[in-house]
Amino acid sequence: MDVRDKVIKIIADQAMIEPSDVTDDSTLEDLGIDSLGLVESIFAIEEEFDIQIPFNANEPSESDFDITNVGAIVAGIRKLVAEQTS
Amino acid sequence: MKRVVITGAGTINALGHTVDETLDAMREGRCGIGALEFRDVERLAITIGGQVKGFEADSQFNRQQMALYDRFTQFTLIAAREAITQSGLEFIGDLAARAGVVLGTAGGGVSTWDDNYRSVYEDGKNRVHPFVVPKLMNNAAASHVSMEYNLKGPSFTVSTACASSNHAMAQAFQMVRSGMSPAMVTGGSESMLCFGGVKAWEGLRVMSKDACRPFSANRNGMVQGEGAGVFVFEEYEHAKARGAEILAEVIGYAMSSDASDIVMPSKQGAARAISGAMRDARINPEEVGYINAHGTGTAANDKTECAAVADAFGPHADNLMMSSTKSMHGHLIGGTGAVELLACIMAVRDGVIAPTIGYEEPDPECALDIVPNEAREAKVDVALSNAFAFGGLNAVLALRKV
């Protein structure tokens, strides 16, 4: 599984839907993931990739991590994973 | 002042996963104490306890719930479901706005603390699950009950060590009696049977390695238990109007503080709580037929408690029955008064007195009728439930047959 598949699996698990129902354009709101669910997903992603995501639950929009939609999240994770291995 | 009755009861503890199973076990004098089963138990000196067995939380709660529910919350929700279902109450409209939930716990999410300390200290991890705080907080169980059943009135958690449940139920009783609320969900829960939880108790050196034998001359300490007891306290006219089944009436309570020692109990403090509960209930000592003792099985508690009962009752102390069901389910710490209230309900409603099992040798300092080893049939009008906590905080409740 590449980064995208792993991230989508985590998000789908959180939303209790099939990974095939998650697209790059899906927003977390579309998927029914609330703020607590988002924090839990961030935790699961950090555990999966052993990375630190710069995410502040107080002000998600001010974080250096784009959560606009699934595509943006996957891109952000790819970048963090690449930085970590470089 | 309103009359207050109990219209629902629920429990899960080492004796059973329901009230019926628990009362059957108490009638049969069955022991729920056995070998503890959890990680690192081999590093403990104390390896017995009243552990809830055969409980698969995963089959009761979904993944999202499991992420948020510590074991003490799981126990609470199981017991609350049984109690509220039995009561037949549906919390909507004005009833929902005025009904609340007051629960006792001493430690809250002890195994959540334990697991996550292990993870960061022992395993060296630097990240914990985001729900650690909402899972371990002492009010988590009360909050989840309020959310599950739409209870929007006064709701909070009381923490007074081994008297937590009795203090909580005293609060709920007062709210219904004063007319503040027509119905309250109340009781308590505890789950300390994990490595850190038992290790901490070991440190006090008051734990028995083989059995809890309250009032027996050869007693050698307390045994921890776990579980929850939850009740619906309802205003009498409210219950009667809807034809609810009434299990018993709560007629009074008292609370006192020893103001003396952080662990040693005081005869005076305990006696003041017992006498105060009878005064509050406007009963004479002679009306009390049964006391569910605090009866921890420690040298200090049992003789102090017997002396306090002798003081509070005078000559009638020799006529009443007093048993400690901790001999069967262990000491549920903050949840203990709630599970023990079931024995009081059984006494006044069914005329069955739960025994003190494991009793082997009379102790001249505990020379009361402690209903040794076998349950007894007896007509009882009024029963008291004692709880005397570390820190010297005491709470006694009085129940009457309806």
Exposure proxy check: B:329, B:129 ranked by fewest other beta carbons within 10 Å? B:129, B:329
Quick check of the Kirkwood formula: for chain B, what is the inverse mean of 1/r over all pairs of different Cα atoms, in Å? 20.6 Å
So for chain B, taking the charge dipole from beta-carbon charges (+1 Lys/Arg, -1 Asp/Glu), which of B:36, B:298, B:167 sits furthest toward the positive end? B:167
Explain nothing, just the number: relative contact order of segment B:1-144, from Cα pairs under 8 Å at least 6 residues apart, as a whole percent. 27 percent
How many angstrom lie between the C-alpha centres of segment B:234-261 and segment B:122-152? 29 Å
Tell me, rounded to the nearest percent, the portion of alpha carbon pairs in the protein assembly as shown spaced more than 31 Å apart. 46 percent
Which of the aspartates and glutamates could a cross-linker span from residue B:267 if the Cα-Cα distance has to be under 18 Å and same-chain partners fewer than 8 positions apart are dropped? B:258, B:302, B:305, B:311, B:318, B:363, B:365
Can you put B:366, B:344 in order of Cβ neighbours within 10 angstrom, beginning with the fewest? B:366, B:344
As an exercise, take the mean of 1/r over every pair of distinct alpha carbons in segment B:4-241, invert it, and state the Kirkwood radius in angstroms. 18.6 Å
Spatial separation of Cα centroids for segment A:71-86 and segment B:1-73, in angstrom: 46 Å
Eligible lysines near residue B:135 by straight Cα distance, threshold 30 Å, same-chain separation 8 or greater: A:6, A:9, B:53, B:125, B:152, B:199, B:326
Listed by chain and number, the residues whose amide H is under 5 Å from that of residue B:370, excluding neighbours fewer than 5 places away on the same chain and using placed H, are B:322
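Within a 10 angstrom radius of the beta carbon, how do B:113, B:201 rank from fewest other beta carbons to most?
Numbers: B:113 18, B:201 22.
Going from least to most buried by this count: B:113, B:201.
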Taking the inverse of the average 1/r across all pairs of different Cα atoms in segment B:252-400, what Kirkwood radius in Å do you get? 14.8 Å
The simple spin-label model distance between residue B:377 and residue B:38, using points 7 Å out along Cα→Cβ, in nm, is 4.1 nm
Would you calculate a helix-derived [θ] at 222 nm for chain A, using -39,500 (n - 2.57) for each DSSP H run of n ≥ 4 and dividing by the full residue count, to the nearest 500? -16500 deg cm²/dmol
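Each reported figure results from applying straightforward, stated rules to the coordinates on display, with no laboratory input. Being a predicted model, the structure only gives us computed values, none of them experimental. Counting neighbours? That spans all protein chains shown, and the Cβs are built from the backbone with ideal geometry, glycine included.
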